[in-house]
Each structure stands twice: as structure tokens, then as C-alpha cells.
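What follows draws every value from the coordinates through simple rules; no lab data is involved. Because the structure is predicted, anything quoted here is derived from the model rather than measured. Here the Cβ positions follow ideal geometry from the backbone for every residue, glycine too, while neighbour counts run over all protein chains shown.
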Ligand code: UDX
């Protein structure tokens, strides 16, 4: 008999995991406490934008293998439960808020059948899995617990779930590993590396990976600052060091830095946890990584002020991009929106455009002005700030845009536009980390 699966928490991670597991042939029930989300998903509609997931969801709903509910008791015949709830930064500090993780495990505990496996996928501070296992040993001793961190990138969620570059499983028994091997058999057959670990190592793999990625980005942004001071070009520098396979060229795109629901809060939660463990010195560097990242946002604001005026009240600024990265509608800790809000607070008239993120952005920053069309956004602008590298923006014709603005001045906060093209159309072009 094929295993039955449940996925608790149906955000970017959970909804993708549920649809992906269904596409592998399993019967899957997705549980979320938000009835509106559940209703949409059951209709085959996504409550957020994620390329390719809409098609996969529609396809899987038709099979009858996949359903969504708010009712925890519907998991009573399930063999493997994936915990995919969020672990946001706490409101009062750097640590992760584990409310949803504990609440979801508590909620399924009374419904766990003999031999079932609870599998954490959420990003948690090291030690959480063992604490949950200890709790389950009392409330549901017939079950076991494993940790299977998720590395999916928004914008590539489906691909990263069905073709991951590794599968990491933290287990305390061979039987738990065997169950997870059964779940992922087709991925293993396709050659995905399988890493068995203990619980704390599995938890740490995720935060270590994200810390490394954040470090790479802040490293190149620190180099961008030095390049600006020295009259050098960070894009050429990144290309040159990236040819060294020990360094690699990915995640060396200098600009306004990282945002989103993972990297910023993960490095902060990691520091907070290290402090609790008495290992804070080991992660002291992450404080600098965070500081460089936030400084990258400030540097754009400094460029605007230096070029236009300290007093921005007379200026219209067109912001291209609201999401934390392209191909997503996620605006959590978005550098672009942070910069937009700061410029508005400084008195500028700020108008924001984004191909997918306007509605989520409006919810977070209702006082910003938004434009549905790029042309309305840039009309009469004293400067354009390119802050999220959507393809739409790379495809813009500088000559056409030049006829709409008040002043042909553009700041490329992502080093993604074709500088020569804009300059030859008569634009003043400023990019972070490039001096000429
Ligand atoms: C990240 C990890 O990549 C993923 O493995 C993990 O599971 C969740 O966190 P995600 O948050 O989707 O994924 O975004 P990612 O693609 O890593 O980008 C994070 C941020 O870094 C974005 O704001 C992006 O614009 C920025 N970034 C990325 C750079 O500024 N420069 C780069 O070179 C790469």
C-alpha cells in the first residue's frame, strides 16, 4: 500500500510540497488554519504567485489524490506528516517564533496512528527537533519524528522540490530513514544525493546553507563598497573571481542585498540560538553580514540624495520592483520596498511598480503610491530606481522611457540592466559598485 501523506501549513513551502508529493503518486492532505487559503487551494487556485505551481496544482487536483482542509482529524489514516509552517522572526527579538511549529505538532498529536512519522521541514533553531520528539514521546509514543530541511527557492519552488540538489534527513532510527526513502524513492532513483544525519545536524544544515549564501551576497556587496571607493567595477570583479570553481559565480550579484522570508531572519535566528548555546563568538561575523546587507539599501538612498538633493520633497522617484526578488510576489523584508518607504519618509513622492507584487506590497505599505503600468510609474520622474530585476525591466526601451520622465537618471540597484544601452539613449546611469 502506498503511503499516505499530510502537509501541515500550506504557504510557499507546504503548498508546493503537497502538490509535488501528489505528483509522485501519493495521496496527500494539506492542512492549513486559514479557511480562505484552503478554499482557494481546493479550487486549484494559488493564494500566492509561484511559477509552474499553478499548473502542477490544477493537474494534481484532477487526480483526486490531493485535497486541502482545516480539519486536523482528517490525518488519522496518514503515515507521514510534513510540518511546513512558518517560523518568522519574533516581534521582540532576533530569535525565530516557533509558535506555529509547536501548535501544529500539538494539533496532530492526538490523531497520529501507530508507526506514523512526523517530519519537520520548517527552518528551526537547532534543538527544536529533539524538544518536539520529547513532547511526542509523551503525547504520541506510537509515532516517530525526523527532520528533513527544505532548500527551495521561491521562483523555482517546484523544480527545487522535485529535482533537489540533495535530500537531507535527520533521523534517530533506521525505520524513520526507511519511510523517508520510500517517500523520496523516485528522486533517489534519479540520482539525488541522500545525506543521513542526526537531528541537530539536519537542523543546522539549513541555517548553515542560508548563512553561507547570505555571506556570499554580503561579501560581494562589501566589495562593491570598496570598488566605489577605489574607482573599480564590482561586476567585472565578480565575474573574474567567479571563474575560480572554489568560489563559483552564483550569488555574487552585487546590489541592494538580500531580503525575503528566509535569509534575513534565518541568520538572525541563528545568532540568537548560538548565543543561547554559548557559541555566539562563532557567529559574530553574521552580525557584520546583516549590517553590510542593510547598508546596501542605505547606499541607494545616499546616491539619490547626493545626486538630487538632501531635501527630496520636490522630487518624484519611480521605483521599479517591490518584491524581494523577481518571479515571486513575496514582499517580506523586501529591500526594494524598504528603500521606497525610506525615500517616502524622507519627503520624496515615490511611485512603485511591480509585475506581481503590488497587492502584497499595498497590504504592507498602504501609504505608498502604486502604479499598475510602468509608463504611469515613470511619468514625470526625476529618477528611476531599478530595485528588483524583473525581465520586464531589462526589456524596457530606454528611448521610449526617456520621453516620459522629467530627468533621464536611472539607478540600477541590481546590476542587471544594460548600462551601455541606457547611456547611449542619453541616460545618466548609476550602478552600485561601478564607478565610471
Ligand atoms: C533562500 C535560499 O536560496 C533557499 O535555499 C532557502 O530554502 C530559502 O531561502 P529565497 O528566499 O527564495 O531562497 O531567495 P534567494 O534566491 O536565495 O534570494 C535571496 C535574496 O538574495 C533575494 O533578495 C535576492 O535578490 C538576493 N540576492 C541573491 C542578491 O542580492 N545577490 C545574489 O547574487 C543572489
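If I fit a long axis through the Cα atoms of helix 128-139 and take the longest principal axis of the Cα atoms of the chain, what angle between them do I get, 0 to 90°, rounded to 10? For helix 128-139, the angle is close to 30 degrees. Largest GNM mean-square fluctuation among 404, 41, 277, using the chain with Cα springs under 10 Å: 277. For the chain, the longest principal axis of the C-alpha atoms and the axis of helix 53-63 are separated by about 30°. Diffusion coefficient (Stokes-Einstein, Kirkwood radius over C-alpha pairs, 25 °C, 0.890 mPa s) for region 1-74: 208 µm²/s, rounded to a whole number. Assuming R0 = 45 Å, what is the FRET efficiency of residue 342 and residue 163, from their Cβ-Cβ distance, to the nearest 0.05? Rounded to the nearest 0.05, the efficiency is 0.70.
Residue exposure proxy: 406, 373, ordered by other Cβ atoms within 10 angstrom of their Cβ from fewest to most, comes out as 373, 406. Springs between Cα atoms under 10 Å define the GNM used for the chain, and in it the highest mean-square fluctuation of 44, 257, 93 occurs at 93. Compute the FRET efficiency between residue 277 and residue 403 as 1/(1 + (r/R0)^6), taking r as their Cβ-Cβ distance and R0 = 51 Å, and round to the nearest 0.05. The calculated FRET efficiency here is 0.30. Over region 206-286, the reciprocal of the mean inverse Cα-Cα separation, the Kirkwood hydrodynamic radius, stands at 13.7 Å. Mean separation of Cα pairs under 8 Å and 6 or more residues apart, divided by the residue count, gives region 143-201 a relative contact order of 41 percent.
Histogrammed with a bin width of 5 Å, the alpha carbon distances of region 193-248 distribute as 4, 16, 18, 18, 13, 11, 8, 7, 3, 1 percent, first bin at zero.
For region 4-197, dividing the convex hull volume of the Cα atoms by the residue count gives 115 Å³ per residue. Label-to-label distance, residue 156 versus residue 373, with points set 7 angstrom from Cα along the beta-carbon direction: 3.5 nm. Diffusion coefficient of region 368-429 by Stokes-Einstein, Kirkwood radius over Cα pairs, 25 °C, 0.890 mPa s: 210 µm²/s.
Based only on Cα atoms, what Rg/Rh ratio does region 129-256 have, Rh being taken as Kirkwood's radius? Could the numbers behind the result be given before it?
Numbers: Rg = 19.7 Å, Rh = 17.4 Å.
My calculation puts Rg/Rh at 1.13.
Would you work out the relative contact order for region 214-431, in percent, from Cα pairs under 8 angstrom that are 6 or more residues apart?
On the way: 384 pairs, mean separation 37.6, N = 218.
Relative contact order for region 214-431 comes out at 17 percent.
Restricting to the chain, what percent of DSSP beta bridges are antiparallel, rounded to 5? Taking every DSSP beta bridge with both residues in the chain, the antiparallel ones total about 5 percent.
Residues 300, 91, arranged from fewest to most other Cβ atoms within 10 angstrom of their Cβ, appear as 91, 300.
Once you compute Rg and the Kirkwood Rh from C-alpha atoms, what is the Rg to Rh ratio for region 214-431?
Radius of gyration over Kirkwood radius for region 214-431 works out to 0.98.
Antiparallel beta bridges, as assigned by DSSP with both residues in region 4-197, represent about 5 percent of the total such bridges.
Got the relative contact order for region 40-195 handy, in percent, Cα pairs under 8 Å and 6 or more residues apart?
On the way: 202 pairs, mean separation 28.2, N = 156.
Once divided by the residue count of region 40-195, the mean separation gives 18 percent.
Listed by Cβ neighbour count within 10 Å, with the fewest neighbours leading, 390, 147 appear as 390, 147. Using a 10 angstrom cutoff on alpha carbons, build the Gaussian network for the chain and name the most mobile of 138, 358, 289. Highest fluctuation of the listed residues: 138.
So what is the diffusion coefficient of region 329-436 in µm² per second by Stokes-Einstein at 25 °C and 0.890 mPa s, using a Kirkwood Rh over Cα pairs?
172
Each listed q (0.07, 0.09 Å⁻¹) maps to a log10 I(q)/I(0) for the chain from the Debye sum over equal C-alpha point scatterers, namely -0.38, -0.62. How high is the FRET efficiency from residue 287 to residue 229, r the C-beta distance, R0 35 Å, rounded to 0.05? Given R0 = 35 Å and the Cβ-Cβ separation, E is 0.95. Taking the longest Cα principal axis of the chain as reference, the axis of helix 174-183 is set at about 60 degrees.
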